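Every number here is computed from the coordinates shown, using simple stated rules; none is lab data. All values reported here derive from a predicted model rather than from experimental measurement.
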Amino acid sequence: MLTSLIRNVIGSLLSCLMMTNALAEPAAWYRWKSQTSDAEVCSQTSPGDAWDKVAGPFSDAHCQKRKKAVSYPALSSGKN
């Protein structure tokens, strides 16, 4: 009986983990402009201290397709 209970708990936990992975999405891309030249790059993270984020978020590595906003239902905190 204890073994089946443990299996059920582990199965439930694994199911929850798999569901949260299904909600994951790739990181957004941003256009960055150099403070020292006119160079611009498209990157998911800052290329360094001398770069400013000038546009984004984008869904592609060419910084051409605007990323659509995704809203998730608010989790209930139990307070009403």
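Of all aspartates and glutamates in the structure, the ones whose alpha carbon falls short of 20 Å from that of Lys68, not counting any fewer than 8 places away in one chain, are Glu25, Asp60.
Give me the orientation-averaged projected area of the Cα convex hull of segment 2-58, in nm², one decimal. So the Cα hull casts an average projection of 5.5 nm².
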